[in-house]
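Please read the structure below before turning to the comments.
Read-outs: derived from the displayed coordinates by stated rules, not from any lab. Just so you know, these numbers come straight off a predicted model, no measurement behind them. Using ideal geometry, Cβ is built from the backbone for each residue, glycine included, and neighbour counts are taken over all protein chains shown.
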Amino acid sequence: MWKRLIKQDKLFGAQNYKPLPVVIREGIGTKLIDVNGKYYYDFLSSYSSVNQGHCHRSLVKVMQEQCNKLTLCSRAFYNENLCNFFKFMNEEFGYDKCLPMNTGVEASETAIKLARLWGYKSKGIQQNKAEIIVAKNNFWGRSIAACSSSTTPSCYENFGPYVPGFRFVDFNNLQQLEKKLKKHPNIAAFMVEPIQGEAGINVPGKTYLSKVKELCKKYNVLFICDEVQTGIGRTGKMLASEDIKPDMVVLGKALSGGMMPVSCVLGNKEVMDLIEPGTHGSTYGGNSLGMALAPKAVQIIHEERLLKNTQYLGNQFRKELLPLVKQGYLKDVRGVGLLNAIELHKPEDAEKLVFKFMKNGLLTRVTRNAVIRMCPPLIMNNFQMEHSLQIIHDSITN
């Protein structure tokens, strides 16, 4: 059956992805089940969208109940769930206001749009001259603006002309950032992932984010953290940037627990109050169904003590696999919480290992070059982690 389904995909679907040859039918907690009934540990978590696990019973219940009441009324009217969502997000994250969208790329573009607006209205940048600094090897989507701010060839080659107004610095390089800020007076914002995800789970120095905030304040520039992948518990904190509190935070993916696209931008009044009716919006942004799901998705992280669990299991994961680096099997093991990666010495070895993982009952993907993403749902228990580590160890050493 799975071969027939894959043939249909290739025949009738645009081939903008290159999936592993496995066809998934169900997801339960930390596991995925294919059409043949084989179970796999999910170490991709839909790119950190299902932090709460697949089809969490509480989220399924919320979705079922809300679908019988109201799913969409557009922003032409107020809706009860959206009003409650705004209050919830303020109390949970401590930002004055929230602007809801659907996908991570939409929310990231929204943050850039807000930064430009602030640059013109508050900083006094000349019209159409505002610039945004981004880190090289960033990833926040594949829209034209996202392509324009990318340094990855597959994202931007053959998709021009590109959106102007982006400047680049190396990730985790404060000297480059200050040089750019000092040289270019039209910078409105610096947008960065607290930990680079698609680039290979690149973790910056411990003081990087705090120093970035100091530089942004010094040069009157907004500091935006793209937490689409790192947010909602993935690093063992609700936000990876929570101790720094940047000017804006972009959230998505796990904000709905993988039930449907929900994203948002969080910010304070100095920025958010500049937006006016008619200047930005989305038909589905702030829909009643998504706004019922998001608070529950966040509450699950607290109710099930997943932040503590994430810290514990993440430390266990890295501790158990670090000896394989010393033994030469791996080049590196790195990460924070349950946002981890293993790096091999050659890209072809990483691709082969992913197929061995699949054969042995664990699913994940290469993220870049020889780096494999290792990010299970945060609900994973100790037994499941030990079993997963055994699969990983055996797949690498045998």
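Rounded to the nearest 10 degrees, the inclination of helix 347-360 to the longest alpha-carbon principal axis of the chain is 60 degrees.
Past 29 Å, Cα to Cα, is the threshold; run Lys296/Lys352; Lys136/Lys211; Lys180/Lys331; Lys87/Lys121; Lys3/Lys61 against it and keep the listed order. With Cα atoms farther than 29 Å apart: Lys296/Lys352; Lys180/Lys331; Lys3/Lys61. Taking other C-beta atoms within 10 Å as the exposure proxy, Leu70, Leu11 rank Leu11, Leu70 from fewest upward.
Convex hull over the Cα atoms of the range 266-314, averaged projected area in nm²?
Details: hull surface 22.3 nm².
In nm², the orientation-averaged hull projection of the range 266-314 is 5.6.
Between Ser210 and Ile33, the simple label model (points 7 Å from Cα in the Cβ direction) yields a spacing of 4.8 nm. Applying both filters, DSSP loop and at most 10 other Cβ atoms within 10 Å, to the chymotrypsin sites (Phe, Trp or Tyr not before Pro) of the range 37-97 gives Phe77, Tyr78. Computed from the Cα positions only, the extents of the range 58-303 along the three principal axes stand at 55, 38, 38 Å, in decreasing order. Modelled spin labels at Glu276 and Lys326, positioned 7 Å past Cα toward Cβ, are 6.5 nm from each other. Peptide packing for 336-343, 13-20 was compared via the average number of neighbouring C-beta atoms within 10 Å per residue; ordered from the highest value, the list is 336-343, 13-20. Among the trypsin sites (Lys or Arg not before Pro) in the range 260-326, those located in a DSSP loop and surrounded by at most 14 other Cβ atoms within 10 Å of their own Cβ are Arg305.
Sort Val333, Val265 so that the residue with the fewest other Cβ atoms within 10 Å of its own Cβ comes first and the one with the most comes last. Don't skip to the answer; put the middle values down first.
On the way: Val333 20, Val265 28.
The fewest-first ordering by Cβ neighbours comes to Val333, Val265.
The local environment of Trp118, defined by Cβ-Cβ distances under 12 Å, has a net charge of +2 under the rule Lys, Arg +1 and Asp, Glu -1. Using the alpha-carbon atoms, what tilt in degrees (0 to 90, nearest 10) does helix 2-12 show relative to the longest principal axis of the chain? So the helix axis and the longest Cα principal axis differ by about 30 degrees.
Among residues other than Pro295 whose Cβ falls under 11 Å from its Cβ, what is the net charge (Lys/Arg +1, Asp/Glu -1)? Write down the numbers at each step before the final one.
Values: positive: Lys87, Lys296; negative: Glu91, Glu92.
Net charge in that neighbourhood comes out at 0.
Axis of helix 208-218 versus longest Cα principal axis of the chain: the two differ by about 10°, to the nearest ten degrees. One decimal place: the segment Asn173-Gln299 gains 41.8 nm when fully extended, by the rule 0.36 nm per residue minus the C-alpha distance. Projecting label points 7 angstrom from Cα along Cα→Cβ for Phe159 and Ala76 puts them 3.3 nm apart. With the chain treated as a Gaussian network of Cα nodes joined by springs under 10 Å, which of Thr235, Thr207, Thr30 yields the largest mean-square fluctuation? Checking each option, the largest mean-square fluctuation is seen for Thr207. Around Lys346, under 15 Å between beta carbons, what's the net of Lys plus Arg minus Asp minus Glu among the other residues? With Lys, Arg at +1 and Asp, Glu at -1, the net is -1.
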